[in-house]
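**Q** Here it is: the structure, laid out below.
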Amino acid sequence: MLPIQDAFPLLQTPRKIFITTHHKPDGDAIGSMLALSHYLLKKGHTVSAVSPSEVPEFLRWMPGNETLINYEEHAAIATAAIKNADIIFCLDFNDYNRTKHLEQLLADAAQPKILLDHHLFPKPVWDYGMSIPEKSSTCEMVYDFINLCGDNALIDKNIAACLYVGAMTDTGSFKFPATTASVHLMIADLLRTGINHTAIHEDVYDAWSESRMRFLGYVLIERMQIFHKYNAALITLSRKDMNLFNVKNGDTEGLVNYPLSIAGIKFATLITERGDEVKMSFRSKGLFDVSNFARLYFDGGGHFNASGGRSKSTFDETILYFKKILSDIHPK
Ligand code: 5GP
Ligand code: MN
């Protein structure tokens, strides 16, 4: 992969640009797509931004959300957009399979592809880009990209709000170790545009439905197991659990983090039965590498302290398998 600067000549004249991100997008995925999209439009390009699946409700207030194309609703439009594009930007993922439906389209696309991402172990399939696992968020990298282009002055309130969301959500509200001085300097710069950071926190974190809050109570009482011996916790959510509370996309967001607030718990796992697959989320505090864990046992990956994966076994078998691994490896 060539440095991102080598792609700058491609952007000197107006282009048709396709932007995409990972399946089940989070705050950083949507924030980085929208921020980059606002910026490229200001530079005179035409932009199609495609989300592989729907935008969760807590992010729909974001400026530019109405321009996003949901592949699961508009597959034909999304497919035409990628085929007609001159350049493809991939944000917040580093393996085509993370886009699910777009995997084959991306693999087949002959146009120059640019990566901006902070996950470990990128696949060697991008022409240009930045892949920096130390970065707090892809939003921080979009900010760096705009600055490298010499366009800091183009960062307006809309771009700033989108970048703020990704940095905020991916750093656990500026708490995780990746929250470096450069993140705080970026935030200071974004605040100059007049964004209301309190309103952004409230829009993202304080917009729960009553049933989501009650679902959280149910999960913590009924579905959380603590293994003090292994400094670990496990939350399991069956399809039945989700139906009981009419759980929506995004309602399980953040659940996996709760057990890490228990003294001594360093490793938390969420196993969810979803559609025809069993999805796993892993979080850790300190020195337990959940990216490696996800890659080794659950066909996944991600970051050192936050990763995900999946299992092809049944929900119940996956739980048993997970517990067996836990007793074998004794996470510290
Ligand atoms: P989540 O638990 O929120 O789904 O994912 C946590 C982190 O791990 C996110 O940064 C996400 O992008 C990454 N991740 C989740 N699932 C996978 C996966 O199957 N493969 C890889 N490489 N990363 C994943
Ligand atoms: Mn991210």
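**Q** Looking at segment 305-325, which of the residues that are farther than 15 Å from Thr236 by Cα and buried (at least 18 other Cβ atoms within 10 Å of the Cβ) is farthest from the chain's Cα centre (by Cα)?
**A** Asn305
**Q** Looking at Ala7, Ala76, Ala80, Ala29, can you tell me which residue is in contact (Cβ under 8 Å) with a residue 12 or more places away in the chain, surrounded by fewer than 24 Cβ atoms within 10 Å (Cβ to Cβ) and assigned to a helix (DSSP H, G or I)?
**A** Result of the check over Ala7, Ala76, Ala80, Ala29: Ala7.
**Q** Take segment 229-247 and flag every residue that is in contact with a helix residue (DSSP H, G or I) (Cβ under 7 Å, 6 or more places away or on another chain), in a loop (DSSP other than H, G, I, E, B) and either modelled with pLDDT under 95 or surrounded by 18 or more Cβ atoms within 10 Å (Cβ to Cβ) (or both).
**A** The answer is Phe245, Asn246, Val247.
**Q** Working only within segment 6-28, note down all residues that are in contact with a helix residue (DSSP H, G or I) (Cβ under 7 Å, 6 or more places away or on another chain) and within 11 Å of ligand 2 (Cβ to nearest atom).
**A** Answer for segment 6-28, where residues must be in contact with a helix residue (DSSP H, G or I) (Cβ under 7 Å, 6 or more places away or on another chain) and within 11 Å of ligand 2 (Cβ to nearest atom): Thr21, His22, Asp26, Gly27, Asp28.
**Q** Among the residues of segment 22-62, how many are among the hydrophobic types (A, V, I, L, M, F, W, C) and touching a strand residue (DSSP E or B) at 6+ places or on another chain (Cβ under 9 Å)?
**A** Total meeting the criteria: 11.
**Q** Is one or more of the residues making up segment 99-111 of a type in the set (D, E, K, R), within 16 Å of ligand 1 (Cβ to nearest atom) and either within 15 Å of Arg15 (Cα to Cα) or buried (at least 18 other Cβ atoms within 10 Å of the Cβ) (or both)?
**A** Checked segment 99-111: no residue is of a type in the set (D, E, K, R), within 16 Å of ligand 1 (Cβ to nearest atom) and either within 15 Å of Arg15 (Cα to Cα) or buried (at least 18 other Cβ atoms within 10 Å of the Cβ) (or both).
**Q** Look through segment 263-304, keep the residues that are surrounded by fewer than 23 Cβ atoms within 10 Å (Cβ to Cβ) and among the basic types (Lys, Arg), and return whichever of them is farthest from ligand 1 (Cβ to nearest atom).
**A** Only one residue tops the list, namely Lys266.
**Q** On to the next question. Is segment 127-147 home to any residue that is among the polar types (S, T, N, Q) and more than 16 Å from ligand 2 (Cβ to nearest atom)?
**A** yes
The values are calculated or read from the model by the stated rules, or taken from the named source; none is laboratory data. As the structure is a computational prediction, the values presented were derived from the model and not from experiment. Cβ sites come from the backbone with ideal geometry, for glycine too, and all protein chains shown count toward neighbours.
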